[in-house]
1. Largest first and in whole Å, what are the equivalent-ellipsoid semi-axes of segment B:136-284 based on the Cα gyration tensor, each being the root of 5 times an eigenvalue?
2. Along the Cα→Cβ direction, 7 angstrom out, place labels at A:GLU14 and B:TYR151. What is the inter-label distance in nm?
3. Given springs between every Cα pair under 10 Å in a Gaussian network model of chain B, which of B:ALA235, B:ALA113, B:ALA75 has the largest fluctuation?
4. Taking beta carbons within 10 Å but only from partner chains, what does the mean come to for residues A:91-101?
5. What is the calculated FRET efficiency for A:GLU217 to A:ASP66, with r their C-beta to C-beta distance and R₀ = 25 Å, to the nearest 0.05?
6. Averaging sequence separations of C-alpha pairs under 8 Å and six or more residues apart, then dividing by the length of segment A:270-395, give the relative contact order as a whole percent.
7. What whole number of Å gives the distance from the Cα centroid of segment A:329-376 to the Cα centroid of segment B:232-274?
8. Amide H to amide H, which residues 5 or more places from A:ILE339 or on other chains are under 5 Å from it, using H placed in the peptide plane?
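Nothing in this text is a laboratory measurement; each read-out follows from the coordinates by a stated rule. Just so it is clear, the model here is predicted, and its values are computed rather than measured. Cβ: placed from backbone, ideal geometry, glycine included. Neighbour counts: every protein chain shown.
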Amino acid sequence: MSDVVIRVENLCKEYRLGTISHGTLYRDIQSGWAKLRGTEDPNARIGAVNREQLNNTNDRFCALKDVSFDVRQGEIVGIIGRNGAGKSTLLKIISRVTAPTSGTIKIKGRVASLLEVGTGFHPELTGRENIFLNGAILGMHKGEIEQKFDEIVAFSEIDKFIDTPVKRYSSGMYVRLAFAVAAHLDPEILVVDEVLAVGDAQFQKKCMGKMGDVAKEGRTVVFVSHQMGSIAQLCKSAILLKEGRIIRKGLASDIIIQYINDMVGNSQGFKVALSGNKDIAIMKAEAINEDGNPVSLFTHTQPITIAITCRINKWIRGAEIRIFVRDSRRNVFTTDTEIVIDTNCKPEMVVAKAVIPGNFLRPEIYFLTLVTYIPNQLTIDLIQDALSIKIIDGGSKYAASEGVDYGCVFVDCAWTIEPASTNK
Amino acid sequence: MPDNDNTNWTMEIRSRSGWFDINLSELWRYRDLILLFVRRDFVAYYKQTILGPLWFLLQPLFTTVVFTIIFSRIAQIPTDGLPPFLFYMSGTVAWTYFASCMTQTSNTFITNAGIFGKVYFPRLVVPIAVVISNLIAFAIQFGLFLAFLCYFYLTGADIHPNGWLLLVPLLLVQMAALGLGMGILISSMTTKYRDLAFALGFGVQLWMYATPIVYPLSQIPAQWQWLFALNPMTAIIETFRYAFLGSGAIQLWMLGVSFAMTILILAVGIVLFSRVEKTFMDTI
């Protein structure tokens with residue numbers, strides 16, 4: 001067992017919803033004074049006898065419950081789960097950003113975590129200065145950074161602008177520089193959140209390659225992503241989290257299949273429990289068939305209506321709703337519509353509907369990510385993988401040879417075959 | 001679970017550890033980061049202002065002029081027979097260093113929540129860097145003070161720099177330690193009690209008037225001097241002034257009390273800070 005480099009034992013993380021303490025010094029003193037005199041705490045909830053009882057009410061939320069696993073040297077482990085399954089909390093605890101409520105993590109070796117690229121970048125500093133600063137924040141010594149400096153600059157492809165303040169960089173350059181620093185960390189253990197979802201396609205490919213190299217050198221990687229494609233490509237083993245517990249751990253390919261099936265199996269649509277407080281909050285989403293019922297299974301000939309219920313708390317000119325439709329590997333297509341401003345401008349619930357025509361998507365499992373946003377400005381609300389739908393073959397000519405990749409969509413290409421004209 | 005924990009774990013993450021779980025060796029490992037933060041603060045400061053380092057000179061200069069007019073000319077508070085301008089400037093320069101260390105470290109957690117939420121490094125790195133970068137501003141202001149000191153000395157003012165000057169580096173370290181200690185103490189508590197941040201602004205003002213900056217300690221009746229000695233800044237300012245100007249009412253025991261208070265505040269600050277740093281991300 002000597003090659004275990006991360007051992008997580010009975011890890012729990014609890015968040016208390018609402019206010020943690022009374023929040024102001026005055027009220028804490030008031031409570032303390034009342035306790036001292038033996039009178040009732042003026043700030044306690046009526047009927048609650050003591051703090052313990054107070055705590056037992058359901059204003060607690062367990063992000064992680066009794067999570068235990070081992071990671072061996074040189075393994076690339078993917079952590080998979082829906083929104084709120086506890087993936088990010090787990091990464092935060094491993095990277096020591098926050099402490100667990102109970103349980104331990106034992107680690108052998110130096111850990112570097114990448115929960116974000118470009119942490120601590122200062123816009124006024126030049127690229128060169130930021131490389132040193134960011135490197136040091138991530139735990140590198142000055143000597144190490146000097147040694148790798150040329151490599152980092154070459155990787156980021158911005159050598160011409162290395163002495164320009166980063167506030168003048170394009171966002172692509174910024175991300176490339178940030179990732180370049182991170183990629184040249186030399187830790188024994190690398191913890192990565194979905195940072196690969198940035199940059200242009202070519203650069204992403206380069207990053208994936210770099211992560212693969214890291215593992216080949218015998219280092220360990222813990223990787224969280226929504227992109228099953230990247231997990232499948234990179235990881236040999238995976239851990240499936242659901243509501244804070246480990247559902248299964250094992251071979252990445254098996255886990256991905258279970259995750260996908262799970263999502264389809266219990267996904268009758270997405271509904272937020274909390275009241276949406278974003279300006280345009282996505283409250284509910286459903287895939288509806290021709291009969292008007294919310295389902296998740298369609299044949300490829302059926303049109304699919306996606307109904308998104310939004311609470312519009314603030315009417316914003318130019319805001320749009322977008323649906324990203326992707327399969328387990330990549331985005332297949334995106335579709336969007338502008339929200340036309342209502343004249344009375346009062347907060348309102350609206351239902352946006354989009355119809356994906358029948359005979360379009362190939363039999364596959366698809367995940368729908370929903371966004372409300374202002375183009376090129378900001379994201380208002382984002383629900384990753386809010387819906388999943390499974391399309392089964394309703395009798396196409398390709399059904400017989402299932403499993404062969406025939407592309408993502410059916411297209412009626414209006415074929416014609418005519419005799420070739422002779423006078424050409 | 002078969003536990004063969006004879007393997008050498010380099011790190012163990014658990015929930016809250018004891019009160020005295022302070023990892024100073026780790027802080028040393030991150031010394032490069034401290035220096036880079038200092039550099040960043042400094043460079044960023046210059047690039048954003050037009051007058052740049054000139055600000056460091058204008059601020060104590062104006063304060064001194066205002067103090068001289070109000071407290072010396074109008075209120076006619078004596079200055080132990082020293083030139084009022086030098087008297088006020090010595091106090092202001094020293095106090096400014098302490099006060100800026102304290103106020104700038106007091107919001108460590110809140111202003112750095114973005115970085116702290118994404119990556120781990122010993123959190124003490126940030127306040128220590130602040131204290132060091134303030135040293136640069138102090139050096140500039142101190143230079144200004146020395147220039148005026150030379151001018152007054154050469155024009156024959158009644159000032160006597162003396163052997164206590166050897167204590168000045170120690171005083172500087174003490175001010176840094178006290179400012180750091182108070183700052184991190186406050187920053188640890190502001191994660192829970194936000195209202196403290198508001199109190200700080202005028203708290204610093206009040207503290208300044210409780211310290212012999214605009215008046216000499218000799219003006220305080222002897223039976224109240226012990227109370228002033230409890231304020232660690234009293235002895236620091238008086239000694240600082242005595243060393244350069246050669247007049248004042250400093251006694252060694254006061255310096256001792258001040259020193260002990262500083263150590264105490266710094267120790268309590270570090271203990272509280274390292275306790276808060278583990279979980280503050282959940283409460284902020």
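1. Numbers: eigenvalues 218, 62, 42 Å².
After diagonalising the Cα gyration tensor, the semi-axes are 33, 18, 14 Å.
2. In this crude label model, A:GLU14 to B:TYR151 measures out at 6.5 nm.
3. Of B:ALA235, B:ALA113, B:ALA75, the Gaussian network model singles out B:ALA75 as fluctuating most.
4. 5
5. Values: r = 33 Å, r/R0 = 1.33.
Result of the calculation: an efficiency of 0.15.
6. Value for segment A:270-395: 30 percent.
7. So the separation of the two Cα centres works out to 66 Å.
8. A:ALA319, A:GLU320, A:ILE321
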